[in-house]
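Only one structure is covered here, and it is reproduced in the block below.
The values are calculated or read from the model by the stated rules, or taken from the named source; none is laboratory data. Model, not experiment: these values are computed from the prediction. Here the Cβ positions follow ideal geometry from the backbone for every residue, glycine too, while neighbour counts run over all protein chains shown. Protein only, heavy atoms only, side chains kept; ligands, DNA and RNA dropped before computing areas. Shrake-Rupley method; radii C 1.70, N 1.55, O 1.52, S 1.80 Å.
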Amino acid sequence: MIESVKIRRQSMLDFYSHYEHLCALQGSLPLKAVKANLTQGALDLIVDRMKAADWAPLLSAIRHNKTLTSIGIRSFHQQGLGESGVERYKTYIRRRTPAIRSKDLTGQLCRAVKGCLSISDVLKNLELQGLLLRERDLILLTKGLATALSLESVSLAHCPIGDGGLETICQSVRNSATIRSVNFSGCSLTWRGAEHIANLLKYQAMKRHGEAWAESLRYRRPDLDDMTGLRRITLNGNMLVGDRGTSAFAECLGEDLWLKALDLQQCGISNEGAKSLLDALQTNTTLVVLDIRKNPLIDHIMRKHIIERVLMNGKSFFFIHFGYKWLASSPSKDAFKTRAKKRTIVLGSGRKGKATIRIGLIPKKSVSPGKKNMSVEDSYSPEPLPPGTKGFLPWRTAERAKRCSSHICFTTFWCLSLMSKLSFSIPVKVTVESASTSETEDLDDVFQHPDVAKSLDMINVTKYEQLQLDLEECMGKLKEERRARLKAEERIIELEVENAKLRNQNISLSEVLHAQSVTNMILEDEGVLGSIENSFQKFHAFLDLLKDAGLGQLAVLAGIEQSDVCLLGHPQMNSTLNKP
């Protein structure tokens, strides 16, 4: 066997050894970041500092790989973000553009990913984050997605593909038998992109309805979870989706039975779009995650109703669909822009300039700017109790309790991880907090669990009582309808019996009428009457012969009287019978 062919076959089974071999041939050192997560079968790289020469062996190894289960290529390069210390003094330095921003390298990357997707049967996760993908790159990626054998999750987060690029990707995703989750967060999408995804959902729903009908034949029950198609769609950070794109989603969600999670954080949704989603949830019972946080145009009450409705859907399928978690809300952009200032002390000034000493961060003051000094009442604190007395609390315990009480915060991700450890019988209560005064926090929905041992109701007591009353009313109506149905069935049976009797009488009458009509037809026929008359004439002639022969007593013995053979218009026959 040729040595190059042997090495290529071995590289399909051992990614890192092949990568080292290619680096040795090129005369470069392997990157440590490549080996970081290979023990878990994942390749996760931040490529902003990779040189162009380091890409050739890596792309070749990816193209012929068959062992990686996850590939993640991330770039966080953003031009003009923040203000450096050099820019503050009007001296600008040109930043070096990463090699991954070039169109040739992105094309080679997409070609390598396409080759890996076409031959790998274990690759399940593909993430390309923050890359500048052109149209030809998306076409190559689409061909790879169409031939993927085991890919389940695709993420193009923060890749500015736009509505046109999303339409190209949807052409391959719509017919994929394995892809379950897509992430198009921050991809510069508008309501047109939302309509493309809604059309994709409609197409897959129509296809899966046909499969469900085929599996339901012969009294079988179709398994909806095992069918192909998307289960999660993430569109966070696309501000131009708006209410029109949300209405497109609501139109297809009303009758959808397969989509489990839809993330719409920071999508410019107002109360109008939220109302359409709430109307869709009245008929949709399979959606367990509908994330509309970070949309400040939605009212607090509307957001609360939507999340409560979604959690009611998830309560029935808690263990089955727990894999669909609520994503942690991303921090606001203002948090990255604000930087901690340092306290400076100027010692003096002279010919050589000012001497400045930077001490550290400025601590936050709890007093308001208008108050410079604290009053005696504000600064008063009671004397600590001596140990052993009632109410004594050690100072370490008091400080620890104070510190914990000031920093307690339950995030959404932590809450969902905690819910996995709870029993199925514990319900979940959702509270949506009002707007915070800090500049770095938006309106977030916080799940609170004050006591794990206590059962928390998802709906309040009034709603529960109203539901109980509605249930009793429906049960009463159901009993009345059952009684009416039984009476109707008895009446139907009586009418069927009566109808059968009438049908039999009708049949007998029709037979009698038919017989009468036949006899009438026979009697009305002139030929028949003529033949009858001729037969009577011959019979009377025969009787005359008997009388002439002296055998008239035979007619009397036969019971033939004169009245029986008396015919109008034939007197000779009467004379014949009267002779002795």
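If the requirement is being free of Cβ contacts under 8 Å to residues at least 40 places away in the same chain, of a type in the set (Lys, Arg) and either at positive phi or out of contact with any strand residue (DSSP E or B) (no Cβ under 8 Å at 6 or more places or on another chain) (or both), which of these qualifies: ARG174, ARG208? Even if it seems obvious, please write down each step before you answer.
Details: ARG208 fails: free of Cβ contacts under 8 Å to residues at least 40 places away in the same chain.
When all the criteria are applied, what remains is ARG174.
In the range 18-77, which residues are among the basic types (Lys, Arg) and out of contact with any helix residue (DSSP H, G or I) (no Cβ under 8 Å at 6 or more places or on another chain)? First the steps, then the outcome.
To start, the set of residues in the range 18-77 that are among the basic types (Lys, Arg) comprises 32, 35, 49, 51, 63, 66, 74.
Scanning the range 18-77 gives LYS32, ARG49, ARG74.
When the range 204-223 is examined, which residues are found to be open to solvent by 80 Å² or more (accessible area, probe 1.4 Å) and among the hydroxyl-bearing types (Ser, Thr, Tyr)? Lay out the reasoning, then the answer.
Within the range 204-223, the subset open to solvent by 80 Å² or more (accessible area, probe 1.4 Å) is 206-207, 209, 213, 218-221.
Hit for the range 204-223 is TYR219, nothing else.
Of all the helices (runs of 4 or more DSSP H) wholly in the range 23-120, which have at least 2 residues that are modelled with pLDDT of 90 or more? It would help to see each step written out before you state the result.
Numbers: elements: 32-35, 55-63, 85-88, 103-119.
Correct list: 32-35, 55-63, 103-119.
Matching residues to (1) open to solvent by less than 10 Å² (accessible area, probe 1.4 Å); (2) part of a helix (DSSP H, G or I); (3) free of Cβ contacts under 8 Å to residues at least 12 places away in the same chain:
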{"position": "HIS158", "(1), (2), (3)": "no, no, no"}
{"position": "GLY165", "(1), (2), (3)": "yes, yes, no"}
{"position": "ASP225", "(1), (2), (3)": "no, yes, no"}
{"position": "ILE233", "(1), (2), (3)": "yes, no, no"}
{"position": "ASN236", "(1), (2), (3)": "no, no, no"}
{"position": "ALA250", "(1), (2), (3)": "no, yes, no"}
{"position": "GLU255", "(1), (2), (3)": "no, no, no"}
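Suppose we filter GLN505, GLN516, GLN562, GLN537 for residues that are surrounded by 11 or more Cβ atoms within 10 Å (Cβ to Cβ) and either under 60 Å from the mean Cα position of the chain (by Cα) or at pLDDT 80 or above (or both); which single one remains? Don't jump to the end; show me each part of the working.
Values: GLN505 fails: surrounded by 11 or more Cβ atoms within 10 Å (Cβ to Cβ); GLN516 fails: surrounded by 11 or more Cβ atoms within 10 Å (Cβ to Cβ); GLN562 fails: either under 60 Å from the mean Cα position of the chain (by Cα) or at pLDDT 80 or above (or both).
Selected residue: GLN537, the only one of GLN505, GLN516, GLN562, GLN537 that is surrounded by 11 or more Cβ atoms within 10 Å (Cβ to Cβ) and either under 60 Å from the mean Cα position of the chain (by Cα) or at pLDDT 80 or above (or both).
It is to be established whether one or more residues within the range 291-313 are open to solvent by less than 60 Å² (accessible area, probe 1.4 Å), closer than 27 Å to ASP163 by Cα and either free of Cβ contacts under 8 Å to residues at least 12 places away in the same chain or not in a loop (DSSP other than H, G, I, E, B) (or both).
Taking every residue of the range 291-313 in turn, at least one turns out to be open to solvent by less than 60 Å² (accessible area, probe 1.4 Å), closer than 27 Å to ASP163 by Cα and either free of Cβ contacts under 8 Å to residues at least 12 places away in the same chain or not in a loop (DSSP other than H, G, I, E, B) (or both).
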